[in-house]
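The values are calculated or read from the model by the stated rules, or taken from the named source; none is laboratory data. Quick caveat, the model's predicted, so the values are computed rather than measured. Positions of Cβ are backbone-derived with ideal geometry, glycine not excepted, and every protein chain shown enters the neighbour counts. When the accessible area is computed, the model is the full protein with side chains, heavy atoms only, and any ligands, DNA or RNA have been set aside. Shrake-Rupley method; radii C 1.70, N 1.55, O 1.52, S 1.80 Å.
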Amino acid sequence: MTKGKVYFVGAGPGDVGLISVKGQKAIEKADIILYDRLLNPKLLEAATLDCELIYCGKTPYTNGITQGEINGLLVSKALAGHRVVRLKGGDPSVFGRVGEEAESLKDAGIPFEVIPGVTSSIAASMYAGVPVTHRDYGRSFAMVTGHDQTKKDMDWNGLVKSIDTVAFYMGVANLPYIRENLINHGKPVNTPALVIQWGTYGRQESVEGTLDDIVERVSERSLGNPAITLVGDIISLRGKLQWFEKKPLFGQRFLVARTGTAKSSLAETLDELGGEVIEFPKWNAAKVKIDESQLLSFLLYDRILFTSPESVHGFLDSLTEHAIDFRRISSKLYVLSRKSKKALQQRGLMAELKSEMSDTGTLLVVGDRNRDQRDPAYGDGDYFQLVDKFVDERFLEILPRMLDGKSVGTVLFSNRHSVDILMQYGKKADVDVEGLLNQASIGVIGESTGNRLKDYGFTLDMMPKEPSVEQLVELILNRNVF
């Protein structure tokens, strides 16, 4: 059997946009991904449906899977002929143990590549408004592990005398020890210090002080790992250069209930405004085969109603596969949502919303679920499924980890179906959805979605007068309550 290959990929510290193009492509082509706790699980959504996802998370307080077991998995999976991605938070070579893991592969004769990532000290510092170098404040920069208090061979004197800016990784628990050694080796007590927790995420939290008081300030705010501790005069620039923490939704955490495979414009907008967005569940779609004669018969209907963007693409892709000219569509086209309308427009076809559909003429409903799951509100026409849309259950075990830490402040629903889906699959993921909704603000785009939530006994906090993503975002920004 041909040996596989291992790719060590740096995922960056949290913001999914910080991964490299090469790293993204490696994820998309992987047969198996071994991933760590500190990376953003959203990156895993780029993996193929048949890719095996293996969690290798460890914390400073629990052992979890051992390093030896990780090394063994890399070797065994590659020897079985697989293309393996070892996905690591930050950069694999910066306290990522890539050397140990790569050595095990070398000993077994397995080829590998290392794809660097943005390391957390540089990214988190800049997201907190601090460049790690500056010709007036810091011409040298050092990265130091901060969680091994027993290590006595640290050159504290060299750090103090020769380095302008020092970043300590995962050093919150040992912050008193770090402060003591820096001061004892000559660092002035008034040297600026900054601790950044969950850097580059919307939940990022920064505590600024000096060596004299940083321990107490961090304790008051109950900050913990993962965090970067930055020490140096360059921190004085923070007041001028802050940008991420000034975004309008910074510090707010959202859960967007998904019902489709396409990227959510709502989630993307909230992310651009500085919010941290969790999307759930993850969806996939597969084509349903159909013969040409049956497909041609669909063109004889007076009206065609598409229930989702996936059903639009499934129908039009089938026409293309059978070399059927789109101009042969004489039916009037209707859709349930503006997102589906946009999908048709992108393919050169115009449609109207179902609310504008007449009752006359034969009707074909093109859906993405089995006939027995059909919504009666679609109408009395014939029904056909050209694409099978389903929840990717690999991500059920990931949701509780995504919800860990800071609580979700706002839960958002785009349609009635999204309410049922979150309730159903949230429970499958062993998440207390009812408890989450009772503690969070709830926003919906349309009245029917609001009514469905009321059926479950929940009270709405936000609903725009006109059903649109833009108006819902405006309500979130202004926090108007209806």
Practice task
Pull out a ≥ b ≥ c, the square roots of the eigenvalues of the alpha-carbon gyration tensor of region 307-359, then state rounded if a/c is under 1.5, prolate if not and a/b is larger than b/c, and oblate in the remaining case.
Solution key: prolate
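Whole number please: convex hull volume per residue, Cα atoms of region 1-144, in Å³.
122
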Fill in the blank from the handout: Relative to the chain, whose Cα atoms define the longest principal axis, helix 98-107 and its Cα axis are tilted in degrees, nearest 10, by 80
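By average Cβ neighbour count within 10 Å, what is the ranking of 318-324, 227-233 from highest down? If you can, show how the numbers build up before the last one.
Values: 318-324: 14.6, 227-233: 25.1.
The peptides rank, most packed first, as 227-233, 318-324.
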Completion exercise
Whole-Å distance linking the alpha carbon centroid of region 71-93 with that of region 302-338 is 42
Problem - Cα-only radius of gyration and Dmax that characterise region 400-482, units Å - result: 12.6, 35
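Sorted by mean Cβ packing within 10 Å, highest first, what order do the peptides 117-124, 188-195 take?
On the way: 117-124: 26.0, 188-195: 19.0.
Descending packing order for the listed peptides: 117-124, 188-195.
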Problem - Sequence of Phe306, Phe95 from largest to smallest accessible area, 1.4 Å probe - result: Phe95, Phe306
Fill in the blank from the handout: One finds, for Ala173 and Glu113 with R0 = 41 angstrom and r their Cβ-Cβ distance, a FRET efficiency to the nearest 0.05 of 0.75
Exercise for the section: Starting from the Cα coordinates of the chain, work out the convex hull volume and express it per residue in Å³. Expected result: 176
Fill in the blank from the handout: Evaluated at 25 °C and 0.890 mPa s, the Stokes-Einstein D of region 334-436 based on the Kirkwood radius over Cα pairs, in µm²/s, stands at 148
Exercise for the section: Of the listed pairs Lys342/Lys428; Lys88/Lys406; Lys88/Lys240; Lys88/Lys339; Lys22/Lys406; Lys3/Lys42, which have alpha-carbon separations greater than 27 Å here? Expected result: Lys342/Lys428; Lys88/Lys240; Lys88/Lys339; Lys22/Lys406; Lys3/Lys42
Completion exercise
Between Glu393 and Gln24, Cβ-based FRET efficiency (R0 30 Å, step 0.05) works out to 0.80
Practice task
Over the residues of region 199-292, compute the C-alpha Rg and express it relative to 2.2 N^0.38 Å.
Solution key: 1.62
Handout entry: Whole-Å distance, taken between Cα centres, linking region 402-443 and region 282-299
Key = 33
Handout entry: the chain: angle of helix 67-79 to the longest principal axis, Cα-based, in degrees nearest 10
Key = 50
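Mean residue ellipticity at 222 nm from the helices of the chain, using -39,500 (n - 2.57) per DSSP H segment of n ≥ 4 over the full residue count, to the nearest 500 deg cm²/dmol?
Details: 17 runs with 150 residues, N = 482.
Taking each H run of at least 4 residues, the total per residue is -8500 deg cm²/dmol.
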Exercise for the section: Could you tell me whether region 292-389 comes out rounded, prolate or oblate from its Cα gyration tensor? Rule is a ≥ b ≥ c as square roots of the eigenvalues, rounded for a/c under 1.5, then prolate if a/b exceeds b/c, otherwise oblate. Expected result: rounded
Fill in the blank from the handout: Placing +1 on each Lys and Arg Cβ and -1 on each Asp and Glu Cβ in the chain, then taking the dipole about the Cα centre, the residue among Gly99, Leu194, Ser418 whose Cα reaches farthest towards the positive end is Gly99
Problem - Residue among Tyr383, Gln252, Ala128 farthest towards the positive dipole end of the chain, charges placed on Cβ - result: Ala128
Fill in the blank from the handout: Computed for region 402-461: size of charge dipole around the Cα centre, +1 on C-beta of each Lys and Arg, -1 on C-beta of each Asp and Glu, debye to nearest 20, value 100
Practice task
List the residues of region 381-423 whose backbone N lies under 12 Å from a point placed 7 Å from the Cα of Leu49 along the Cα-to-Cβ direction.
Solution key: 387-393
Exercise for the section: Mind jotting down the distance between the C-alpha centroids of region 153-167 and region 221-272, whole Å? Expected result: 30
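Determine the dipole magnitude for the chain: charges of +1 sit on the beta-carbon of Lys and Arg, -1 on that of Asp and Glu, nothing else is charged, the reference point is the Cα centre, and the result goes in debye to the nearest 20. Walk me through the intermediate numbers first.
On the way: 58 positive and 63 negative charges, 121 e Å.
That gives a dipole near 580 debye.
Evaluate E = 1/(1 + (r/R0)^6) for Trp243 and His322, where r is the Cβ-Cβ distance and R0 equals 60 Å; express this FRET efficiency to the nearest 0.05. Each step should come with its number before you reach the end.
Details: r = 52 Å, r/R0 = 0.86.
Once the sixth-power term is evaluated, E becomes 0.70.
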Exercise for the section: Could you tell me whether region 101-256 comes out rounded, prolate or oblate from its Cα gyration tensor? Rule is a ≥ b ≥ c as square roots of the eigenvalues, rounded for a/c under 1.5, then prolate if a/b exceeds b/c, otherwise oblate. Expected result: oblate
